[in-house]
Structure formats: structure tokens, C-alpha cells
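Right, I'll just put the structure down here and ask away after.
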Ligand SMILES: Nc1nc2c(ncn2[C@@H]2O[C@H](COP(=O)(O)OP(=O)(O)OP(=O)(O)O)[C@@H](O)[C@H]2O)c(=O)[nH]1
Ligand SMILES: [Mg+2]
């Protein structure tokens, strides 16, 4: 019987349209499970009223004074800063005490990409474990979206050491909604791990330590019959795997939860290490009540090559776009409208003994 591991508490926060859709899909998957769902909460935050009403979530927060950021990260930050007290007050009523917080957002939009890193930092200052679910744009998306994504990556990278798992998804893999569905299935599989074996269990502390491990993380899940070494490696190496392509074989924690007993296991750990890398820490549990085999790889190297390619594509186009923009603006008006000069005004360095993230966000309001 597949049900949530009742001792693992989680709060899912979706920021912007993509983030809200990813967690709405996760909520849908989790609600299909048997048993209680008291230990999980879902809330969507968006500047766009239209997008917010289109998504099926139990809790929604509309960020006032901004009806959609239209790709402008500065605009949504201003709106967040202006309403942060009310937003935090409401948000806190939806957060499950002692839970791990998962924040989902697209890296390329204007709302989620700007709000999520700030909210992550504020939640960290409130002592929560914070995991991120950022979504990379496809190569075919607009320059503005790709430019936003590379800026957002830098903010995530700076925050990385104080965060838990970063499940970076990649819209290059396949259809967007399919990515949402697959991720929802995978995270549900993790939250449903329930090992009941004398051969060894992946217990609560071990599941949490996989999720609390900083940097990039990947999940693979299969049913019991498909849980072979070869099949799991094949999924990891597929071009259409929904996670960003791994940089190298660095891995810090490998957690394996099997549906079967050690005797019936079809996972050869030695083969596995050869293909995916050797983790200093391994957890291995058997006889999960969920009937699934789940592998979590945590503390992977961030997908820098993927980001470098994205940044190069932006820079290549930026030059020509900037030149033509200059030509246009010099003739038609005196105002510069370079989309490449947008720099976050906030100091995005992790808390440096000075102002807290919340104080900094509010300072933005005063300085306007
Ligand atoms: N995987 C996935 N990607 C999505 C989804 N919706 C949008 N995206 C991607 O998200 C990026 C656009 O960001 P959105 O999340 O729509 O933007 P936003 O945060 O609402 O910000 P604004 O619309 O600018 O206010 C693009 O890269 C889209 O491909 C979704 O449901 N799933
Ligand atoms: Mg939007």
C-alpha cells in the first residue's frame, strides 16, 4: 500500500506560474495516496491573478501591486518587498512546523525566479531546511527567459551551501507538463519510502539527510520489477531525463530504497558505483511498503556545463540585440531599454552578519 511516510513533514511552495503548476501536480499525486496527508502542505504564490486562479491548490497567495511580472524580475521583487509582512504572515500559517520546505519555480520567468531565492533565504533564517526545485528554460525559449535563468542560477549558486537538495529540472528534456508529472511522481516516491526490513532500512534520518545535503540532487524511481541496476542506470543516462545533465560523477550521498528484500534485490551496488560514481555515504533499505525502488543521489556537482552553454547562447545574442537596441533607442527616444543591464539591486550574498534577507528586502521598499 502506497502512503506517505507519516513522520516526514513537507511544505511545498510554488512561486510563479511554473512553480505553482509543478506543486499542483505534486499535490494531485500525493492526494491519490492512501492514508493521512496531514504532514504535507501546498501553497502557491504569484503576482498574476489569472495564473493563480488557473491552478488547483489548497492555499494561494496573490502578491499585490503587480499583475504578472511579464518576465521582469525587478518588478516582482518590488511587489514582494512592498507586501512582505502580510505575505510572510499568511505563508507561515500554511507551513507545517518542523517540515522540509520545497520551493518550486522557473528560472526564466519574472516572478518565481526573483521571489524564490529571497523566500528561500528568509525561510533559512527561520531555521527551516529549504530544498529548491528550479526549472531551466529550453534552448528554444526567448533570450529574455534565458537571460533571467542565468542570473537566477548565480543567486541559487550563492545560496547553495545553506540549502538542502536542489532538484534542478530541465525543459530541454521533454514537454513541460510531462516534466511536472514525472517530477511529481518522483518526489511522491521519496515521500512514500517506508522500509520495513530486517536487512536494513532507509530510516527517517537517512531520508532527511539525503534531502538536507546541499547542491544538486537527482531522483530515480521504478516499480519493483524494473528496479534492476541496468534499468536505473539507463534512466539516469537518458537524454530525456528531466533533471539537468550531471557535470561529472561526483556524488556525496547515495540513498537506495528497494521494494524487495536483500535476497531478492536486483541492484548490484558495485556496478552502480562504477556507472554513477562512488558516494562517501550510502544508505540502503529494503522492503519498502510503497512497492517502489527509489534512488536519491545528493550532493552532486552543480550542472555548470549546462549553465555555461546557456550563458554563452545569451551572450552571443546579447551583442547583436544590444547593438540593434542602441540603434533603435538613439533614433527614436533617449531612454535606454537594454534588457541586459538588469542587475539585482539586492546583495545576494548569504547572510553576512549584516542585514537579514528580510531586512534587506524591506530596505528595498524604503529606498524607492
Ligand atoms: N516544466 C515546466 N516549465 C514551465 C511551466 N510553466 C512555465 N514553464 C517555464 O517557465 C518559464 C517561464 O516562467 P513562468 O513560471 O511562466 O513565469 P513567472 O514566474 O510566472 O513570471 P512572470 O510570468 O514573468 O510574472 C519558461 O522557461 C517556461 O518554459 C510548467 O508548468 N512546467
Ligand atoms: Mg506568470
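None of the figures in this text is laboratory data; all of them are computed from the coordinates on show. Here the structure is a predicted model, which is why all the values come from computation and not from measurement. Please note: Cβ atoms are built from the backbone with ideal geometry, for glycine as well, and neighbour counts cover all protein chains shown.
Can you figure out the FRET efficiency of residue 197 with residue 309, using R₀ = 51 Å and their beta-carbon distance, to the nearest 0.05? Before the final figure, lay out each step's value.
Numbers: r = 43 Å, r/R0 = 0.84.
Between residue 197 and residue 309 the formula returns 0.75.
For segment 194-278, what class follows from the C-alpha gyration tensor (a ≥ b ≥ c being the square roots of its eigenvalues): rounded when a/c is under 1.5, otherwise prolate if a/b is larger than b/c, else oblate? Before the final figure, lay out the partial values.
Details: a/c = 1.80, a/b = 1.23, b/c = 1.47.
Note, shape of segment 194-278 comes out oblate.
From Cα pairs below 8 angstrom and at least 6 apart in sequence, can you work out the relative contact order of the chain, rounded to a whole percent?
So the answer I get is 17 percent.
While we're here: Give me P(r) over segment 274-335, computed from all C-alpha to C-alpha distances, binned every 5 Å, as integer percentages.
With 5 Å bins starting at 0, P(r) equals 3, 11, 12, 10, 10, 9, 8, 7, 6, 6, 6, 6, 4, 2, 0.
As a check on your grasp of the helix formula, calculate [θ] at 222 nm for the chain: sum -39500 (n - 2.57) over DSSP H runs of n ≥ 4, divide by the residue count, round to the nearest 500.
-13500 deg cm²/dmol
Report the label-to-label distance for residue 282 and residue 223 in nanometres (one decimal), using points 7 Å from each Cα along the Cα→Cβ vector.
2.8 nm
Right, here's the next one. Between the helical axis of 73-94 and the dominant principal axis of the chain, each derived from Cα atoms, what acute angle in degrees is found, rounded to the nearest 10?
On a 0 to 90 degree scale, this one is about 40.
Computed from the mean reciprocal separation of all distinct C-alpha pairs, what Kirkwood hydrodynamic radius does segment 1-157 have, in Å?
With all distinct Cα pairs of segment 1-157 included, I get 15.7 Å.
Using the alpha-carbon atoms, what tilt in degrees (0 to 90, nearest 10) does helix 304-332 show relative to the longest principal axis of the chain?
20 degrees
How far, in degrees from 0 to 90, does helix 176-191 lean away from the longest principal axis of the Cα atoms of the chain, to the nearest 10?
Long axis of 176-191 versus the principal axis of the chain: about 50 degrees.
So for the chain, Kirkwood radius off the Cα pairs, Stokes-Einstein at 37 °C and 0.692 mPa s: how many µm² s⁻¹?
Result for D is 155 µm²/s.
In vacuo Debye scattering of segment 91-188, one point per C-alpha: log10 I(q)/I(0) at q = 0.14 Å⁻¹?
These q points yield log10 I(q)/I(0) values of -0.53.
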